[in-house]
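Participant: If you scroll down you'll find the structure; I have some questions about it.
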Amino acid sequence: MELPKNYSPQETEKKIYKKWEESGYFNPDRMIQDAIIPSDAPAFSLVLPPPNVTGTLHIGHGIMLAIEDTFVRFYRMRGYKALWIPGTDHAAIATQSKVEKELYKKEKKTRHDVGRDEFIKMVEEFAQNSKNTILSQVREMGSSVDWSRQAYTLDKQRSSAVVVAFKKMYEDKLIYRGGRIVHWDPKMQTTISDDEIEWVEEKTPLYYLKFGDFTISTARPETKFGDKYIVVHPDDKRYEHYKHKQAIEVEWINGTITATVIKDESIDMEFGTGAMTITPWHDSTDFAIAERHDLDREQVIDEYGKILPIAQEFQGMSIKKARPLIVQKLKEKGLLEKIDENYTHRIATNSRGGGIIEPQIRTQWWVDVSKQFTLQNSNLQGIPSGSQTTLKEIMKQSVKTGQITLYPDRFKKTYFHWIDNLQDWNISRQLWYGHRVPVWYKGEKIAVGAEPPEKDEWEQDPDTLDTWFSSGLWTFSTMGWNGQQTDEMKQYHPTTLMETGYDILFFWVARMILMSGYLLGEVPFENVYLHGLVRDEQGRKMSKSLNNIIDPRDLIKKYGADATRMALLAGNPAGNDTSLSEEKVKGYKHYANKLWNITRFILMQTEDYEMSTTEPDLTSNDRAILQSIERLETKIAKHIQNYQLHLAIEDLYQFTWREFADKMLEDSKPLLQDDTTKTSRQYTLTNALIRLLVLHHPFMPFITETLWHHIPDTQGLLMTHQNK
RNA sequence: GGGCGGUUAGCUCAGCUGGCUAGAGCGCUUCGUUUACACCGAAGAGGUCACAGGUUCGAGUCCUGUACCGCCCACCA
């Protein structure tokens with residue numbers, strides 16, 4: 001079969017993928033069945049970070065798939081039972097908000113207009129479409145995932161794992177229900193967790209208000225109606241004539257009130273006048289002060305962001321509308337002392353939907369990360385079975401003891417810092433799409449489980465769970481966990497590798513460590529490879545507004561999946577952001593073509609050569625070539641095992657093009673004309689080529705597999721070719 | 001306010017535990033219609049490795065400090 005002059009990926013990639021998939025060898029069990037690897041082969045396992053079903057994959061997913069597939073293919077060819085489990089994430093808030101937006105755009109309706117059941121149907125339909133797109137994109141990238149094990153965070157199996165996990169935590173009193181200050185998004189009508197907040201800075205006037213003998217400042221005058229505590233530092237000389245909890249009469253916005261002086265050490269004496277009033281219902285700092293001194297809390301703003309009757313004539317107004325009017329009134333009453341126009345205020349927004357967060361006190365479900373409990377069966381170092389520990393401690397020890405290694409190592413510091421500051425995890429959401437909180441109420445009675453204790457009169461909690469609750473179980477819920485260890489888990493858990501973006505180290509990686517440590521007494525994975533952001537050629541983030549988003553599908557169409565993968569991996573060590581340009585991808589398409597023509601040349605030069613099982617007498621030059629290949633193999637393997645794919649690519653590229661093609665092949669031309677050197681060289685080139693294809697396969701699976709089948713001396717799939 | 005990165009050729013970036021006469025890709029210059037490839041080959045230009053000190057026989061590589069740039073965390077009203 002004659003090779004065409006140039007490689008065209010478009011024609012071959014789909015066919016090749018189909019061949020792989022139909023072979024069944026993405027599933028390591030089949031490799032064992034067919035005796036390609038022994039049944040006691042060591043495991044190399046990882047689970048795909050499930051992409052959100054919010055649309056299509058972007059280039060960031062591209063890098064994830066490229067890295068993971070490279071590792072899986074490398075280990076599959078090295079005799080491991082390599083398992084890569086695919087799946088998708090329902091991404092509760094993200095998916096729901098996407099569908100809500102569309103619904104409003106198309107029909108000017110909200111989710112309440114269509115109702116819970118109907119709305120969920122719509123979301124599910126949307127999710128299904130996304131899933132289809134995503135899964136075909138995963139194929140296009142060449143990902144050798146085991147499709148027979150595909151999972152979805154909201155499918156039946158995973159949902160039942162969620163209930164089991166919730167129930168156990170509830171019974172251990174690690175999950176509790178409580179009224180605390182939460183991040184409330186009035187737009188989406190739900191709470192979100194600390195980690196979902198995105199802070200934006202905004203220039204807001206800072207108002208200095210007269211509060212009795214004090215001067216206080218605020219950027220949010222609309223919240224001040226209920227303020228009746230004035231807080232100063234206990235050591236502040238200016239206020240030493242006031243006693244803690246002393247009552248004072250103050251003329252305030254809506255008349256004279258009785259206020260109380262509170263002394264608390266959290267006050268910064270340097271800021272303003274060193275005195276502030278507090279609004280515990282709508283500010284977490286203030287809430288903490290109120291908790292410490294057991295103070296009253298009063299709600300001023302409702303769930304929709306409207307002002308409550310406490311504000312008298314302003315009631316029912318939106319914050320935006322009320323603020324200038326309130327400022328006007330303060331001014332008229334002589335309470336406004338001055339305005340600082342150059343103040344920068346930090347505003348909390350919902351990173352998943354953009355709404356401005358209004359802190360509120362609400363009753364929610366929480367995971368207590370600091371509570372002591374007994375860990376029964378533990379394989380965690382530093383936490384023996386039956387000992388008392390906390391979820392925080394589990395998260396900390398798993399990394400500290402080296403049971404989990406992070407690549408790059410420096411993320412350990414951020415990780416520990418995050419744990420040290422960690423507060424209880426708010427896991428309930430007032431969303432409709434997601435795992436419904438498995439709690440049932442009947443009057444004062446409460447029951448936990450997938451089903452109510454009796455058919456009648458029990459009502460389920462209306463809230464759903466934070467999407468990260470279910471993704472925290474991902475490494476073992478994908479292996480059929482339902483409260484018991486499964487055969488799958490025996491073989492593949494803890495997984496060898498978790499590969500994901502550093503931006504979800506806290507969201508996800510930490511939660512998996514928490515869940516696995518708590519529920520299984522073991523780590524979810526042994527190694528964590530964190531990749532960075534993909535930026536454009538100028539190093540800018542990709543965004544819709546900059547119109548610089550690169551769709552992996554476009555790159556694949558134009559340059560092929562192999563070139564796309566290489567461009568994403570080359571020069572990109574773990575933890576670093578990388579910038580991607582079309583030029584870079586094009587460069588690797590040329591490289592693919594080079595590889596193609598290297599093969600073409602060798603095939604043309606060895607048409608009359610029969611590969612013998614025994615090595616012929618080799619010239620010293622030829623022995624040197626094969627030795628250099630051997631050195632290359634050693635280096636590449638070392639780099640991959642050290643999680644340094646970029647170094648592997650660099651060496652591969654340099655050797656293949658600059659050494660092998662430019663020098664060795666050029667030198668071969670006369671040698672192949674000479675009968676004394678011909679056979680030796682033919683053997684050497686064929687042998688070298690086969691080994692080069694093997695080395696390239698994890699990075700460039702399509703082209704290498706294609707070429708493999710053009711070489712007369714090869715058998716079977718390159719994908720499953722056992723290299724040592 | 002705390003922490004973490006970065007600053008190396010025009011551009012994008014490698015450079016592990018110190019030995020580099022400092023590398024790659026793209027771009028640039030000159031040459032080449034060689035029957036594997038012009039998605040190519042040959043030759044070449046281009047860097048006081050941010051700055052200032054220090055350790056060392058020897059420093060992009062280690063230490064201290066400075067300046068920018070980026071990111072993360074944090075209850076300064």
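Participant: Would you mind working out the magnitude of the charge dipole of chain A relative to its Cα centre, with +1 at each Lys and Arg C-beta and -1 at each Asp and Glu C-beta, to the nearest 20 Debye? Could you put the intermediate results ahead of the total?
Facilitator: Details: 91 positive and 103 negative charges, 143 e Å.
That gives a dipole near 680 debye.
Participant: Per DSSP H run of n ≥ 4, the term is -39500 (n - 2.57); total these for chain A, divide by its residue number, and report the mean residue ellipticity at 222 nm rounded to 500 deg cm²/dmol.
Facilitator: That calculation yields -12000 deg cm²/dmol at 222 nm.
Participant: Now, a different point. Can you pull the one-decimal nm distance between simple spin-label points at A:LYS18 and A:GLU249, each 7 Å off the Cα toward Cβ?
Facilitator: The two pseudo-label positions are separated by 9.0 nm.
Participant: What's the FRET efficiency of A:ARG631 with A:THR405 using the Cβ-Cβ distance as r and R₀ = 22 Å, to the nearest 0.05?
Facilitator: The pair A:ARG631/A:THR405 has a calculated efficiency of 0.20.
Participant: At a Förster radius of 35 Å, what calculated FRET efficiency corresponds to the Cβ-Cβ distance of A:ASN132 and A:ARG436, to the nearest 0.05?
Facilitator: In this case the efficiency is close to 0.85.
Participant: Counting Lys and Arg as +1 and Asp and Glu as -1, each charge on the Cβ, what is the dipole of the stretch A:52-110 about the Cα centre in debye, to the nearest 20?
Facilitator: The dipole of the stretch A:52-110 has a size of about 80 debye.
Participant: Same structure, new question: Quick one: which residues, 5+ away or cross-chain, put their amide H under 5 Å from the amide H of A:ILE711? H built at 1.01 Å from N.
Facilitator: Amide H to amide H, under 5 Å and 5 or more residues apart or across chains, A:ILE711 pairs with nothing.
Participant: Using 0.36 nm per residue of separation minus the Cα-Cα distance, give me the extension gain between A:ASP268 and A:ASP155 in nm, one decimal.
Facilitator: 35.6 nm
Participant: Also, quick follow-up: If you average the C-alpha positions of the stretch A:429-461 and of the stretch A:203-256 separately, how far apart do those two centres end up, in angstrom?
Facilitator: Answer, in whole Å: 44.
Participant: Let me ask something else about it. Could you go through the stretch A:445-460 in sequence order and give the Karplus-derived ³J(HN,Hα) for each residue, using 6.51 cos²θ - 1.76 cosθ + 1.60 with θ = phi - 60°, rounded to whole Hz, and x for Gly and Pro?
Facilitator: So the Karplus estimates, Gly and Pro as x, are 7, 9, 9, 10, x, 5, 10, x, x, 10, 4, 9, 6, 8, 10, 7 Hz.
Participant: Given the options A:SER217, A:GLY571, A:ALA151, identify the residue whose Cα lies farthest towards the positive end of the charge dipole of chain A (+1 on Cβ of Lys, Arg; -1 on Cβ of Asp, Glu).
Facilitator: With unit charges placed on the Cβ atoms, the residue in question is A:SER217.
Participant: Starting from the amide H of A:ASN576, placed 1.01 Å from N in the peptide plane, find each other amide H under 5 Å away whose residue is 5 or more places distant or on another chain.
Facilitator: HN-HN under 5 Å from A:ASN576: A:GLY532.
Participant: Which cross-chain or sequence-distant (5 or more) residues have an amide H under 5 Å from the amide H of A:THR260, H modelled 1.01 Å from N in plane?
Facilitator: A:TYR229, A:ILE230, A:ILE248
Participant: Apply the Karplus curve 6.51 cos²θ - 1.76 cosθ + 1.60, θ = phi - 60°, to the phi angles in the stretch A:698-711 and return the couplings in whole Hz, x for Gly and Pro.
Facilitator: Listing the rounded values in order: x, 8, 10, x, 5, 5, 5, 5, 4, 5, 3, 7, 8, 8 Hz.
Participant: Note the count of lysine pairs whose C-alpha atoms are less than 25 angstrom apart in the stretch A:26-114, limited to pairs 8 or more residues apart or on different chains.
Facilitator: 4
Participant: Count neighbours as other Cβ atoms within 10 Å of each site's Cβ, and list the GluC sites (Glu not before Pro) in the stretch A:393-469 that are DSSP loop with at most 12 such neighbours.
Facilitator: A:GLU444, A:GLU454, A:GLU457
Participant: May I pose another question? Report the gain in length on full extension from A:ASP674 to A:GLN372: 0.36 nm times residue separation, minus Cα-Cα distance, nm rounded to one decimal.
Facilitator: So the chain would gain 100.7 nm between A:ASP674 and A:GLN372.
Participant: Which value, in debye to the nearest 20, gives the size of the charge dipole of the stretch A:508-621 about its Cα centre, when Lys and Arg are +1 and Asp and Glu are -1 at the Cβ?
Facilitator: Working: 14 positive and 15 negative charges, 188 e Å.
Around 900 debye, computed over the stretch A:508-621.
Participant: Calculated FRET efficiency, A:ASP172 and A:LYS558, Cβ-Cβ r, R0 60 Å, to nearest 0.05?
Facilitator: For R0 = 60 Å, the calculated efficiency reads 0.65.
Participant: Now for a separate question. With angles folded into 0 to 90 degrees, how steeply does helix A:319-332 sit against the dominant principal axis of chain A? Use alpha carbons for both and round to 10.
Facilitator: That works out to roughly 40 degrees.
Participant: Taking a probe of 1.4 Å, how large is the accessible area per residue of chain A, in Å²? Kindly include the intermediate steps, with their values, before the conclusion.
Facilitator: Values: 31740 Å² over 724 residues.
For chain A, the solvent-accessible area averages 44 Å² per residue.
Participant: In addition: Tell me the GluC sites (Glu not before Pro) within the stretch A:146-251 that lie in a loop according to DSSP and have at most 15 other beta-carbon atoms within 10 Å.
Facilitator: Working: sites: A:GLU171, A:GLU196, A:GLU198, A:GLU201, A:GLU202, A:GLU222, A:GLU240, A:GLU249, A:GLU251; in loops: A:GLU240.
Taking the stretch A:146-251 and a limit of 15 other Cβ atoms within 10 Å, the loop GluC sites (Glu not before Pro) found are A:GLU240.
Participant: Please report the antiparallel percentage of DSSP beta bridges with both residues in chain A, rounded to the nearest 5.
Facilitator: Working: 56 of 79 bridges.
Counting only bridges with both partners in chain A, antiparallel ones make up about 70 percent.
Participant: Sticking with this one: Within the stretch A:66-113, report the trypsin sites (Lys or Arg not before Pro) that DSSP leaves as loop and that have at most 13 other Cβ atoms within 10 Å.
Facilitator: Counting only loop positions with at most 13 other Cβ atoms within 10 Å, the trypsin sites (Lys or Arg not before Pro) in the stretch A:66-113 are A:LYS108, A:LYS109.
Participant: Compute the separation of the alpha-carbon centres of the stretch A:581-623 and the stretch A:142-188 and state it in Å as a whole number.
Facilitator: 51 Å
The values are calculated or read from the model by the stated rules, or taken from the named source; none is laboratory data. Keep in mind the model is a prediction, meaning the values are calculated, not measured. Here the Cβ is made from the backbone with ideal geometry for all residues, glycine too, and neighbour counts use every protein chain on show. In case anyone asks, the SASA skips ligands and DNA or RNA and just uses the protein heavy atoms, side chains included. Shrake-Rupley method; radii C 1.70, N 1.55, O 1.52, S 1.80 Å.
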